[in-house]
Amino acid sequence: MTDLTNAPTDPRVFALDDRVSLNERVRSFLNEQLKPFGLLCDDVHINTVHDVINPKLTFTQSLHDLGTDSLERGVVPTYSQSLSGVFSKFWTFEDAHRIHTLSLYQVEKIIQALLDEDKYQWRR
């Protein structure tokens, strides 16, 4: 029988653990930021159309995924108010699913706060 007590660990295990931990930190941070709005980050989606006149959806992303992507890139995305919106469902631009209590500007500020939290508090 081989003793693996001092055997090197596969670095992918640590990377996976760090990624899970980061996802949970992002989720917790975003949900805390969204409390005043009564929302959860997995239920908030940024949806984008190609054209205002003939709207065809070209992109959709949950706020949680936006947060983790922004951390990887190190930048806050900016959105065109006429082409993007905050919605309660993926892949829709219907006004019935639009979240009117949270603006794109507020989303950008929340993502900036997330990047600041990561930089000054989490220090990955």
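No value in this document is a laboratory result; all are computed from the given coordinates. Computed from a predicted model, the values in this text were never measured in an experiment. Methodologically, a virtual Cβ is constructed for each residue, glycine included, from the backbone with ideal geometry; neighbour enumeration extends over all protein chains shown.
Some values worked out for this structure:
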item	result
Where chymotrypsin sites (Phe, Trp or Tyr not before Pro) fall in DSSP loop in region 72-124, at most 14 other Cβ within 10 Å	90, 91
Residue-wise HN-Hα coupling along region 77-83, computed from phi with Karplus coefficients 6.51, -1.76, 1.60 (Hz; x: Gly, Pro)	x, 10, 10, 7, 4, 7, 9
Which listed pairs, of 35/109; 56/109; 35/56, have C-alpha distances above 22 Å, in listed order	56/109; 35/56
